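Note sheet for the following structure.
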Amino acid sequence: MTASPSRVSETEEPAIEFDHASFHINGRPLLQDLVLSVKQGETLVLLGRSGSGKTTTLKLINRLLLPTSGEVRVNRKRTSEWDAIRLRRSIGYVIQDGGLFPHFTVERNIAIVPRIEKWPQPQIDARVRELLVTVGLSEDLLSRYPSQLSGGQRQRVGVARALAADPPILILDEAFGALDPITRSEMQKEFRELQQRMKKTVIFVTHDLREGLLLADRIALMEEGKLVVDLPAHEFARSGDPLVRAYVEAFSALPDPNQSEREVSR
Amino acid sequence: MNFLQFMMTNRQQVLDLTLEHITLAGVATLLASLVGIPLGILITRVPQLSKPVLGGANIIQTIPSLALFGFLLPAPWIGARGGRLAILALALYGLLPLIRNTYAGIQGVDPAIVEAGRAMGLTDRQLLLQVELPLASGVIVAGVRIAAVLSIGLATIAAAIGAGGLGEFIFRGLAMVNNQVILAGAIPAALLALLVDFLLGRLERRLGTLRLKT
């Protein structure tokens, strides 16, 4: 029952567990009775429309929100028992367009967590340079400000910043959503390679099925605050669930390059 | 005797009163900043306080300045010295723009950036000092600028309670029905206000571009 065979180092130890977790705001349920667990080293894609509860789910992991009922555990410890600051520093967070600090240079943006963790300066410098290579950016960019970068560069800096203190868990919220299709596809491929090397526990939120299929070991589909299905990526497209079918059809209606080739040759 | 001749013959006094004026307005703006900026920060942290604090500062602002100087005059611990009293009154007037701009500046920081900071594990203090205040600094300086220009203008009235400053010339000129004397107070005060406005405006723009930095 384990996911794709490429991820051999995966253990059965859960990194993140949602145990009947719900989140209500002013009586309105944003997330209802979520039961889900993510194993260490696994990449889980949370798929769903806007307003389906994906972002709420992410925020429960790093304690930007606490569940109104049920519990969320990270490394078998309830998030409510974690020191919020410690918990967040052990989870890398990437958002759309990078969420970079506009008044910090690329260098300071990447170095923020090591700096507040009081790493010695030479170690910070070395780490920043190492990360630039990891995300495929040139050192010339270090002294630039986010507004002087392209969207793709900003997103790479965002990934580098999230990885800076080598957190075991990485959460990404529509991380590649603001990119043009070509850059987006590049970033997806690079991220997948990166993930195969780093073996971090990754939760990736997207509404793009194709992106989900490319990156995921497992896909959890959400709708209106509820988990609809939770399947290994390779079984997802074959699921008989009506909502999954709706997704698959919506995406196969798009001119997929392989498919259109076939149509032409026919 | 025309205006320029009056300025030349009384240049020592013009200079003294101008310095006194700068001291009045400067100390008042400093006091207003020392109280107003922390209060502005406080109400971003304790939102329940934002209404009473902003409301209170608003009410102070609506008191006619001459009346406020008059009200404060009988206060025994400050009434003895007109200068100190005037500084207090001017500082009270400067509070509103400072509180309001500090509050608006911090509230105006892109929530996605603040949340990214929080998600990375910045403490509230780190978030304030490293993210929110730097990004709000342009708006806060705009508040200082408003308070400073307001103080320079209002400080002319402080002469009515014996606090000195360029208002001395204005009140003397009014009493003497002499326009030259009035202008000897009014023109330097106006120039001073323009100069401070210009200088703080430059600082504000420099800090404003800090958030976008092209």
Principal-axis tilt of helix B:82-107 within chain B, Cα atoms, nearest 10 degrees: 30
Quick one: if the Förster radius is 22 Å, what FRET efficiency do B:L19 and B:I187 give, using the C-beta to C-beta distance and rounding to 0.05? 0.85
Tell me the net charge near A:G151. Cut-off is 9 Å between Cβ atoms, A:G151 excluded, with +1 for each Lys or Arg and -1 for each Asp or Glu. -1
So if each residue of separation counts as 0.36 nm, and I subtract the Cα-Cα distance between A:S50 and A:E81, what length gain in nm does that give? 8.2 nm
Using alpha-carbon coordinates, inclination of helix B:50-62 to the longest axis of chain B, degrees: 10
Scan around A:V229 for amide H atoms under 5 Å from its own, H built in the peptide plane at 1.01 Å from N, and keep only partners 5 or more places away or cross-chain. A:L221
Computed helical MRE - 222 nm, the protein assembly as shown, DSSP H runs ≥ 4 contributing -39500 (n - 2.57), nearest 500: -18000 deg cm²/dmol
Mind running the shape call on chain A? Use the C-alpha gyration tensor, a ≥ b ≥ c as the square roots of the eigenvalues: rounded below 1.5 for a/c, prolate if a/b tops b/c, oblate otherwise. oblate
Tell me whether the protein assembly as shown comes out rounded, prolate or oblate; compute the Cα gyration tensor, take square roots of the eigenvalues as a ≥ b ≥ c, and use a/c under 1.5 as the rounded threshold. prolate
Roughly how many Å is it from the Cα centre of the stretch B:139-164 to that of the stretch A:99-161, as a whole number? 44
Percent antiparallel among DSSP beta bridges with both residues in the protein assembly as shown, to the nearest 5? 50
To make sure I understand the rule: partners must be lysines, Cα under 24 Å from the Cα of A:K200, and not fewer than 8 residues away in the same chain. Which ones qualify? A:K39, A:K54, A:K59, A:K77, A:K118, A:K189
Rounded if a/c is under 1.5, else prolate if a/b beats b/c, else oblate: with a ≥ b ≥ c from the C-alpha gyration tensor eigenvalues square-rooted, which is the stretch A:1-151? prolate
If you fit an axis through the alpha-carbon atoms of helix B:133-154 and take the longest principal axis of the Cα set of chain B, what angle between them do you get, 0 to 90°, nearest 10? 20
Straight-line reach only, C-alpha to C-alpha below 25 angstrom: list the lysines that B:K51 could link to, leaving out same-chain residues fewer than 8 apart. none
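Read the figures in this text as sums done on the coordinates, not as results from a lab. Remember, predicted model here, so these are calculated numbers, not experimental data. Neighbour counts are summed over all protein chains in view; Cβ atoms, including those assigned to glycine, are modelled from backbone coordinates with ideal geometry.
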